[in-house]
Every structure is written in structure tokens, then in C-alpha cells.
1. Residues that are of a type in the set (G, A, S), over 12 Å from the mean Cα position of the chain (by Cα), surrounded by 10 or more Cβ atoms within 10 Å (Cβ to Cβ) and at pLDDT below 75: does the range 28-36 have at least one?
2. Would you check which residues across the range 3-20 are at pLDDT below 80 and over 18 Å from L48 (Cα atoms) and list them?
Amino acid sequence: MLIKLWNQPNWIKWIIYIAIIYVLFLLLTSPLIKEAFAIVLWILFCFLL
């Protein structure tokens, strides 16, 4: 699925990025989810690197 996403044109990637950031922003407004999500985000970030 991720490979299919990367084969899309650039503007589709930007829409996906913006959507993800928007969802993250909504989730981060609640403090409990913020703590859990920060951990998940770090794990994902480490996998990407």
C-alpha cells in the first residue's frame, strides 16, 4: 500500500501529508491522546530513519 502511495504524483502526496497533519492536530488537542501519540510518532519516526 505504501509503495502505491509513493508512485502517485506529487500533489497527491501533499494532500495525504496535509490530511495526516490535520488529523494529528485534531488528536493533539486532547492531552491524554497527545502523550500516547507522541510515543507512537517517535516509534514511526525511528522506523523511517
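1. Yes - at least one qualifying residue is present in the range 28-36.
2. Q8, P9, N10, W11, I12
The values are calculated or read from the model by the stated rules, or taken from the named source; none is laboratory data. From a predicted model like this one, the values you see are computed outputs, not experimental measurements. Heads up, the Cβs are rebuilt from the backbone with ideal geometry, glycines too, and the neighbour counts pull from every protein chain shown.
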